[in-house]
1. For A:Lys62, give me every one of the lysines with a C-alpha distance below 20 angstrom, ignoring sequence neighbours fewer than eight places off in its own chain.
2. Straight-line reach from B:Lys66: which aspartates and glutamates have a Cα under 14 Å away, not including same-chain ones fewer than 8 places off?
3. Calculate for the protein assembly as shown the 222 nm mean residue ellipticity that helices alone would give, adding -39,500 (n - 2.57) per DSSP H run of length 4 or more and normalising by residue count, nearest 500 deg cm²/dmol.
4. Find, to one decimal place in angstroms, the Kirkwood hydrodynamic radius of the protein assembly as shown, where the mean of 1/r is taken over every pair of different Cα atoms and then inverted.
5. Counting only DSSP beta bridges with both residues in the protein assembly as shown, what percent are antiparallel, rounded to the nearest 5?
6. To one decimal place, what orientation-averaged projected area in nm² is obtained for the convex hull of the Cα set of the range B:57-141?
7. Spin-label point model (7 Å from Cα, Cβ direction): what's the B:Gln24 to B:Lys66 distance in nm?
8. Could you list D:Asp59, A:Asp93 in order of exposure, starting from the residue whose Cβ has the fewest other Cβ atoms within 10 Å?
Amino acid sequence: MVRVQSQPLDPWAEIAAHERRHQQWVGTFGATAVFIGSLRDFNQGQVVAEMSLEHYPGMTEKHLEKVIREASDRWEILEPLVIHRYGRLVPADPIVLVAVWSAHRDVAFRACRYIIDELKTRAPFWKHEQTATGRRWVIPE
Amino acid sequence: MVRVQSQPLDPWAEIAAHERRHQQWVGTFGATAVFIGSLRDFNQGQVVAEMSLEHYPGMTEKHLEKVIREASDRWEILEPLVIHRYGRLVPADPIVLVAVWSAHRDVAFRACRYIIDELKTRAPFWKHEQTATGRRWVIPE
Amino acid sequence: MNTISVRFFAGVRERLGKEQELIDARGIACAADVWRRVSGDAPAAQVLVAVNQEYALMDHPVHPGDEVAFFPPVTGG
Amino acid sequence: MNTISVRFFAGVRERLGKEQELIDARGIACAADVWRRVSGDAPAAQVLVAVNQEYALMDHPVHPGDEVAFFPPVTGG
């Protein structure tokens with residue numbers, strides 16, 4: 001499941017809700033791997049006061065769904081959960097959540113890592129930081 | 001923080017509580033990697049009705065604390081959270097939780113993986129399954 | 001529908017001072033033609049392109065009714 | 001305290017029919033000596049040893065007051 005939202009993200013509540021929505025999974029998975037990305041108050045040498053996250057509505061969801069399909073073709077996993085924020089964020093706010101359920105530990109780790117790596121390098125989001133010296137677009141790592 | 005407990009484990013509530021206990025972390029980490037191992041209802045060709053998990057009290061905690069120290073020496077991470085069940089479990093029960101916070105995604109993934117791998121191969125726990133045909137000790141993978 | 005819808009994001013949006021534009025499809029064969037029309041510039045390496053919401057190269061064909069977007073390297077996650 | 005505390009877990013505990021035993025430290029030099037005393041058997045490859053709650057080899061020295069444990073390969077996580 002993919003969701004792109006401007007509302008605050010509570011990752012642990014979202015994961016628990018996803019598991020409740022999939023009662024039929026009970027007992028079928030032995031491994032859950034989760035990644036949460038959140039906003040640090042310091043980046044590329046500057047204190048970050050707040051951030052505004054722009055995205056390309058429509059393309060973002062299409063891209064994330066494609067990445068999930070690729071991961072599901074490659075590994076035996078249950079339906080992953082991917083949620084990404086956009087809009088205004090302050091430090092410590094969760095930005096992205098990726099959760100993957102599988103029978104096996106190695107598969108869960110690999111698929112989770114694949115999804116977040118693909119998301120980071122390709123999903124159409126742009127971070128705009130407010131620092132002490134002004135606003136700036138974040139440069140890719 | 002390491003905890004070995006016979007009470008049921010609610011991983012998402014435990015992670016949220018660990019973050020609340022560390023308010024000083026707010027804004028300092030950008031990556032959280034989590035692994036949950038839970039009991040499947042099928043293992044090594046048999047339906048599993050329930051499991052009893054034996055451990056070596058004292059040595060278990062010492063071992064898990066050592067693994068956390070090793071991970072913390074090797075990577076720049078905040079204090080990980082590791083909780084492991086013992087006693088009676090039924091399918092779908094979470095068995096183990098490993099959560100790692102770091103400034104960077106790669107570090108969080110690697111440290112989380114290191115801790116669960118070391119725990120699996122060395123922490124003194126023994127799984128005893130109840131299947132349709134009787135009880136059996138689980139053989140290491 | 002003899003037009004192409006063009007969208008701009010982030011630094012590209014700011015630099016060009018527009019979010020969206022409808023252009024006449026006549027004279028447009030590929031994404032680079034769209035870019036030259038909307039920016040008055042030659043294609044730049046640091047500008048990425050999507051055609052109909054999928055990544056494309058600057059020489060990707062563009063047809064009437066297509067949606068073409070230009071943006072800088074992404075920084076999500 | 002001229003004794004050694006010996007503990008057994010999982011399949012080893014079941015096979016020997018005991019959880020814990022205090023043995024006289026006399027005649028004991030290493031973990032293998034402890035094993036021979038408590039099991040009446042030669043050391044077996046599938047039996048792991050901990051001395052004072054740390055993994056050890058069968059030839060690890062054992063002294064009065066030590067805690068020695070025997071158990072099968074672990075299956076946690």
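What follows is calculated from the coordinates using simple rules that are stated; it is not laboratory data. For clarity, every value in this text was computed on a predicted model and none was experimentally measured. Virtual Cβ from ideal backbone geometry, glycine too; neighbours counted across all protein chains shown.
1. A:Lys120, A:Lys127
2. List returned: B:Glu79, B:Asp117, B:Glu118, D:Glu54.
3. Estimated from H runs of four or more residues: -8500 deg cm²/dmol.
4. 24.8 Å is the Kirkwood radius here.
5. Counting only bridges with both partners in the protein assembly as shown, antiparallel ones make up about 85 percent.
6. 6.5
7. Distance between label points: 2.8 nm.
8. Lowest count first: D:Asp59, A:Asp93.
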